[in-house]
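The values are calculated or read from the model by the stated rules, or taken from the named source; none is laboratory data. All of these numbers come straight from a predicted model, not from anything done at the bench. Every residue, glycine among them, receives a Cβ derived from its backbone with ideal geometry; neighbour counts consider all protein chains shown. Side chains included, ligands, DNA and RNA excluded: accessible areas come from the protein's heavy atoms. Shrake-Rupley method; radii C 1.70, N 1.55, O 1.52, S 1.80 Å.
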Amino acid sequence: NAGVTQTPKFQVLKTGQSMTLQCAQDMNHEYMSWYRQDPGMGLRLIHYSVGAGITDQGEVPNGYNVSRSTTEDFPLRLLSAAPSQTSVYFCASSGQLGGETQYFGPGTRLLVL
Amino acid sequence: SQQGEEDPQALSIQEGENATMNCSYKTSINNLQWYRQNSGRGLVHLILIRSNEREKHSGRLRVTLDTSKKSSSLLITASRAADTASYFCATDGSEKLVFGKGTKLTVNP
């Protein structure tokens, strides 16, 4: 199993550009989530999904969209990138609700100029 | 808002010593988890302790949970240089995990 994979590993954007961060898992997990990690801030939940077709907002959802058309994939879309979205983004999945053990991807480092 | 808060923020010890990190939280939980993050990498799950458990062991790791004080501790015994990483506690009160800001552990050879 590849586990949780994320692409790209690193991305530079200009303010106002849009992009999609990809996340995929091959463990047939129902629960998937996106976090951002900033220095000294720990991980903050952006959006999460409890199954295909179901998504919900986390702590810091503004400026981000998600969709969940399949169990395997959970892309995160930045509609109009801002410097405040410079961060490291992690995708995670778990077999049950988010309170159980989560498996993390390697992260995407995003720099918005 | 963060649920768990780790203490200390940073810890530097010598190889072979024990490392203790603490986590305090605010509301009722179903379980508390500890994760490790090596520099530049994703988080790796270490151990999960449920609200009806008081202590749990996994190899050189010992986790305690005191629900009356809303606190947990992670003890790493006989530390190694490879234990150098950031350690996060995560709590769940509903269907989401909420992470603390982490303790950065440095184990000097």
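DSSP loop (so not H, G, I, E, B), at most 11 other Cβ within 10 Å: list which trypsin sites (Lys or Arg not before Pro) in the range A:1-79 pass both filters.
Here the sparse-neighbourhood loop sites are A:K9, A:K14.
Suppose all protein chains stay in the model; what accessible area per residue would a 1.4 Å probe give for the range B:5-108, in Å²?
Normalised by residue count, the accessible surface of the range B:5-108 is 48 Å².
How charged is the neighbourhood of A:T71? Take every other residue with its Cβ under 11 Å from the Cβ of A:T71, and add Lys/Arg as +1 and Asp/Glu as -1.
Charge balance in the 11 Å sphere: -3.
Can you find, among B:N108, B:P8, B:C23, the residue sitting farthest towards the positive end of the charge dipole of chain B, where Lys and Arg contribute +1 and Asp and Glu -1 at Cβ?
B:C23
Of the accessible area of the range B:5-108, with the probe set at 1.4 angstrom, what percent is carbon plus sulfur?
Solvent-exposed carbon and sulfur of the range B:5-108 make up 43 percent of the total.
What dipole magnitude, in Debye to the nearest 20, does the range B:5-108 give about its Cα centre under +1 on Lys/Arg Cβ and -1 on Asp/Glu Cβ?
140
With each label point set 7 Å from Cα along the Cα-Cβ vector, what nm distance links A:Q17 and B:N52?
It works out to 5.3 nm between the two label points.
Number of Lys-Lys pairs in the protein assembly as shown under 24 Å by Cα, sequence gap 8 or more or different chains?
20
Are there GluC sites (Glu not before Pro) in the range B:21-97 that DSSP marks as loop and that have at most 16 other Cβ atoms within 10 Å, and which are they?
Answer by residue number: B:E53, B:E95.
Pairs of alpha-carbon atoms within less than 8 angstrom and 6+ residues apart define the contacts here; what relative contact order does chain B have, in percent?
Taking the mean separation of contacting Cα pairs over the length of chain B, I get 39 percent.
Report in % the part of the accessible area of chain A that belongs to carbon and sulfur, leaving out ligands and nucleic acids; probe 1.4 Å.
51
For the range A:52-60, in order, what is each residue's ³J(HN,Hα) by Karplus, 6.51 cos²θ - 1.76 cosθ + 1.60 with θ = phi - 60°, in whole Hz (x at glycine and Pro)?
Whole-Hz 3J(HN,Hα) from phi for the range A:52-60: 4, x, 10, 9, 8, 7, x, 7, 10.
What residue among A:S94, A:L79, A:N1 has its Cα farthest toward the positive end of the dipole of the protein assembly as shown, where the charges are +1 on Lys, Arg and -1 on Asp, Glu, each on the Cβ?
Going by the Cα projections, it comes out as A:L79.
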